[in-house]
Amino acid sequence: MLTYIIRRLLLAIPTLLFIAACIFLLLNLAPNDPMAQVPMTIPPDVKEKMREALGLGQPLHVQFLKWVIQFFWVEPQVFFDYLFNTSFSEGKQRIFSWQTRSPVMDIVVQRLPQTLWVVGMSYIVGILIALPIGIYSAYRQYSVFDQVGTFVTMVGYSVPPFFSGVFVIVLFSVQLGWLPSVYDTLHEVVDWETFKYQFRQMIMPVMVLALQTTAQISRFMRSSMLDNLNQDYVRTARAKGLSEWTVVAIHVLRNSMIPVVTVIALGIPSIFGGAIITEQVFKVNGIGQQLINAIYANDLPTVQTITFMFAVLIVVFNLIADILYGILDPRIRYD
């Protein structure tokens, strides 16, 4: 297993470099001007000097090389400094936003906790709801519970977040007045009352994101369980006199989790993508809203950095899913 992990990590390096090159080149082909946001009264020669200060006067391959070095070497040190209160990144050249004229990773670090609160909680809630629903729906196939679960998952697949988000705001905030319609990102939890408010304002965005997660994972869980419930080893286990709980929870569930692990692991980057719309609807000042604002402002460095962060998440969690295969199924060996 260790050899496989090292081999996959080494393979991830050229993969990420290729993805970085594609993102960098495609975004640079788009029409953009970092000086579009500055006042028109600024003389052209001053604007040209500002472009050079941002590194735009250099050849494209030099800009790409500097961006890669900054992303893979300097910016991780920013995260390390943020977590452990060190100063390794101090004085080093950073990736600067054209819109805010400040380091992109500093803004990401500031907004990341808000996104993790909403996205992380919604994913955990979605998984905790989806797995039991998928397991019981497969075990009681074509029952009333299975039919209701199928209907709910179809609704979760069909309804986009921008519709379900507005719907719950109208219902629970405007009509019933139970929950706040706007997420207060400046709110701090210091006592029980502030914790209750934080919980209340998280309910709707978490509900909207968890609906899609539940719909996707529960259907995969149900399908995988149905494939294994009819296998010979299940009939053999029952013939040995094992209890139905042991057969389903120990034998069937473990084998059924193998394909579901892929969906769960690879769904983490996609839930960040879904949070982009949800953060806009509920005014969550997170990474998704930062990306949308950067796109509107033609802020190329911010768009490149956040987009590539999503690509890194996909590669990392793909590796995690492959490692979990070997843990769940002893027959799978990579060495």
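Can you find a residue that is surrounded by 19 or more Cβ atoms within 10 Å (Cβ to Cβ), closer than 30 Å to PHE172 by Cα and of a type in the set (A, V, I, L, M, F, W, C) anywhere in the range 217-224?
Yes.
Given the criterion more than 19 Å from MET225 (Cβ to Cβ) and either of a type in the set (Phe, Trp, Tyr) or in contact with a Leu (Cβ under 6 Å, 6 or more places away or on another chain) (or both), identify the matching residue among PHE145, PHE151, PHE163.
So the residue among PHE145, PHE151, PHE163 that is more than 19 Å from MET225 (Cβ to Cβ) and either of a type in the set (Phe, Trp, Tyr) or in contact with a Leu (Cβ under 6 Å, 6 or more places away or on another chain) (or both) is PHE163.
Do we have ASP81 as in contact (Cβ under 8 Å) with a residue 24 or more places away in the chain and either over 17 Å from VAL206 (Cβ atoms) or part of a loop (DSSP other than H, G, I, E, B) (or both) here?
In short, no.
Give the residues of the range 170-221 that are of a type in the set (Val, Ile, Thr), assigned to a helix (DSSP H, G or I) and more than 22 Å from ILE127 (Cα to Cα), sorted by residue number.
Matches in the range 170-221: VAL170, VAL174, THR194.
Give the range 268-286 a look and list any residue that's touching a Phe, Trp or Tyr at 6+ places or on another chain (Cβ under 7 Å), in contact (Cβ under 8 Å) with a residue 60 or more places away in the chain and either part of a helix (DSSP H, G or I) or surrounded by 22 or more Cβ atoms within 10 Å (Cβ to Cβ) (or both), or say none.
Within the range 268-286, ILE268, ILE271, PHE272, ILE277, VAL281, PHE282, VAL284 meet the criteria.
Within the range 158-215, can you find the residues that are free of Cβ contacts under 8 Å to residues at least 40 places away in the same chain, more than 30 Å from ILE135 (Cβ to Cβ) and among the hydroxyl-bearing types (Ser, Thr, Tyr)?
SER173, THR194, TYR197
Return the residues of the range 148-190 that are surrounded by 13 or more Cβ atoms within 10 Å (Cβ to Cβ) and of a type in the set (S, T, N, Q); say none if nothing qualifies.
Matches in the range 148-190: THR150, THR153, SER164, SER173, SER181, THR185.
So, of the residues in the range 287-314 that are without any contact (Cβ under 8 Å) to a residue 60 or more places away in the chain and over 11 Å from the mean Cα position of the chain (by Cα), which turns out to be surrounded by the fewest Cβ atoms within 10 Å (Cβ to Cβ)? It would help to see each step written out before you state the result.
Filtering the range 287-314 for residues without any contact (Cβ under 8 Å) to a residue 60 or more places away in the chain gives 291-292, 295-296, 310, 313-314.
Still in the list and also over 11 Å from the mean Cα position of the chain (by Cα): 291-292, 295-296.
Numbers: LEU291: 25, ILE292: 15, ILE295: 16, TYR296: 9.
Only one residue tops the list, namely TYR296.
Scan (1) outside any loop (DSSP other than H, G, I, E, B); (2) within 25 Å of the chain's Cα centre (by Cα) for the single condition LEU226 breaks and write down its number.
(2)
Residues GLY165, GLY177: which one is at positive phi and modelled with pLDDT under 85?
Values: GLY165 fails: at positive phi.
Sole residue among the options that is at positive phi and modelled with pLDDT under 85: GLY177.
If the requirement is being buried (at least 18 other Cβ atoms within 10 Å of the Cβ) and at pLDDT 85 or above, which of these qualifies: ILE133, ILE124, ILE203?
Every option except ILE133 fails the conditions.
Of everything in the range 225-250 that's without any contact (Cβ under 8 Å) to a residue 24 or more places away in the chain and surrounded by 19 or more Cβ atoms within 10 Å (Cβ to Cβ), which residue is farthest from GLN141 (Cα to Cα)?
ALA237
Just to check your reading of the model, which residue among VAL108, VAL104, VAL119 is within 14 Å of ILE268 (Cβ to Cβ) and either crowded, with 18+ Cβ neighbours inside 10 Å or in contact with an Asp or Glu (Cβ under 7 Å, 6 or more places away or on another chain) (or both)?
VAL119
In the range 119-145, how many are without any contact (Cβ under 8 Å) to a residue 60 or more places away in the chain and part of a helix (DSSP H, G or I)?
Taking the range 119-145 as the starting set, the residues that turn out to be without any contact (Cβ under 8 Å) to a residue 60 or more places away in the chain are 120, 124, 128, 132, 136, 140, 142-145.
Remaining after also requiring part of a helix (DSSP H, G or I): 120, 124, 128, 132, 136, 144-145.
Here the count works out to 7.
The values are calculated or read from the model by the stated rules, or taken from the named source; none is laboratory data. Source: prediction; values computed, not measured. With ideal geometry, Cβ positions are generated from the backbone for all residues, glycine too; neighbour counts draw on all protein chains shown.
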